[in-house]
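Structure first, then comments.
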Amino acid sequence: DGGITQSPKYLFRKEGQNVTLSCEQNLNHDAMYWYRQDPGQGLRLIYYSQIVNDFQKGDIAEGYSVSREKKESFPLTVTSAQKNPTAFYLCASSIVRNTEAFFGQGTRLTVV
Amino acid sequence: SQQGEEDPQALSIQEGENATMNCSYKTSINNLQWYRQNSGRGLVHLILIRSNEREKHSGRLRVTLDTSKKSSSLLITASRAADTASYFCATDPNTGNQFYFGTGTSLTVIP
């Protein structure tokens, strides 16, 4: 089945640690995105990538990093510089930018 | 911020009734999309309407777009309990490389 897979579903991090969230798609989509969602709020864009080896900052990129070494994969690292990382993280992909997006099921990150 | 805003923030209706939610935005757009999110899950695309379109239908969904008022509405007819979810609009501005999600409308359909 084609789709987009995020792992893990739940992640706990100690303060000061970096963690990496996985996002893989087999839809052959060029564009991929990472969003952050806080309770009762909409989605805010962290990073996006329109092609392999290229990515752009979104509105809230500080404290995050990404890579796009393969078309299928767009991992997100939440670094210790992110002061308030507890949130629900959503990865998405689309054929080209800003067309219908397909979302993963999300990763809920909690700092303990 | 270019983020859109949905109205109302929350809506509760009886099964079988129609549900209408609205989205307002600030800048000129290429297209506008509506998504549904069940609690704790990812978003699911519902419908995309382009800036040169005024109305679009998909099953029980009807979307309208008024670019002069910078607003869109999503109508769900004959609602079902399974329609209970949050609904978000996403706008694709003419400038920039990302689309912007609204704050969402939480819909509860009571059986």
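Taken together, the values in this text are just the output of simple stated rules run on the coordinates, not laboratory data. Predicted model, so just to flag it, every value in this text is computed and none were measured. All Cβ positions, glycine included, derive from the backbone under ideal geometry; neighbour counts span all protein chains shown.
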Quick one: of the DSSP bridges fully inside chain B, what percent are antiparallel, nearest 5?
90 percent
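With the Cα gyration tensor of the range B:1-92 giving a ≥ b ≥ c as the square roots of its eigenvalues, does the rule (a/c under 1.5 for rounded; else a/b larger than b/c for prolate; else oblate) give rounded, prolate or oblate?
On the way: a/c = 1.80, a/b = 1.50, b/c = 1.20.
In terms of gyration-tensor shape, prolate.
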Under the Karplus relation with 6.51, -1.76 and 1.60 and θ = phi - 60°, whole-Hz ³J(HN,Hα) for the range A:97-107, x at Gly and Pro, equal 5, 6, 9, 3, 9, 10, 9, x, 8, x, 10
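With a cut-off of at most 10 other beta carbons within 10 Å, and DSSP calling the residue loop, which trypsin sites (Lys or Arg not before Pro) in the range A:50-112 qualify? Please list them. Don't skip to the end; give the middle numbers.
Values: sites: A:LYS57, A:ARG68, A:LYS70, A:LYS71, A:LYS83, A:ARG97, A:ARG108; in loops: A:ARG68, A:LYS71, A:LYS83, A:ARG97.
Here the trypsin sites (Lys or Arg not before Pro) that fit, given the DSSP loop and packing criteria, are A:LYS83.
How about the range B:4-111: which GluC sites (Glu not before Pro) there lie in a loop by DSSP and see at most 16 other Cβ atoms within 10 Å? Working shown, then result.
Values: sites: B:GLU5, B:GLU6, B:GLU15, B:GLU17, B:GLU53, B:GLU55; in loops: B:GLU15, B:GLU17, B:GLU53.
Here the sparse-neighbourhood loop sites are B:GLU15, B:GLU17, B:GLU53.
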What are the ³J(HN,Hα) couplings of the range A:6-22, residue after residue, when phi is run through the Karplus curve with 6.51, -1.76, 1.60 and θ = phi - 60°? Round to Hz, x for glycine and proline.
10, 8, x, 6, 10, 9, 10, 10, 7, 4, x, 9, 8, 9, 10, 9, 9
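Are there any trypsin sites (Lys or Arg not before Pro) in the range B:6-108 that are in a DSSP loop and have at most 16 other Cβ atoms within 10 Å? List them by number.
B:LYS26, B:ARG41, B:ARG54, B:ARG60, B:LYS69, B:ARG80
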Does a label point 7 Å from the Cα of B:THR67, set along Cα-to-beta-carbon, have any residues of the range B:81-108 with amide nitrogen under 16 Å, and which are they?
B:91-96
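Across all directions of projection, what mean area in square nanometres is found for the Cα convex hull of chain A? All intermediate terms of the calculation are to be shown ahead of the outcome.
Details: hull surface 26.1 nm².
Mean projected area for chain A: 6.5 nm², to one decimal.
Between their Cα atoms, which of A:LYS14/A:LYS57; A:LYS9/B:LYS70; A:LYS57/B:LYS70; B:LYS26/B:LYS56 are more than 32 Å away from each other? Intermediate results must be reported in sequence, preceding the final value.
Numbers: A:LYS14/A:LYS57 25 Å; A:LYS9/B:LYS70 37 Å; A:LYS57/B:LYS70 26 Å; B:LYS26/B:LYS56 21 Å.
Exceeds cut-off: A:LYS9/B:LYS70.
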When Lys and Arg each count +1 and Asp and Glu each count -1, what net charge do the other residues less than 9 Å away from B:SER79, Cβ to Cβ, add up to?
-1
For the protein assembly as shown, compute Rg over Rh where Rg is the Cα radius of gyration and Rh is the Kirkwood radius from the inverse mean 1/r over Cα pairs.
0.97
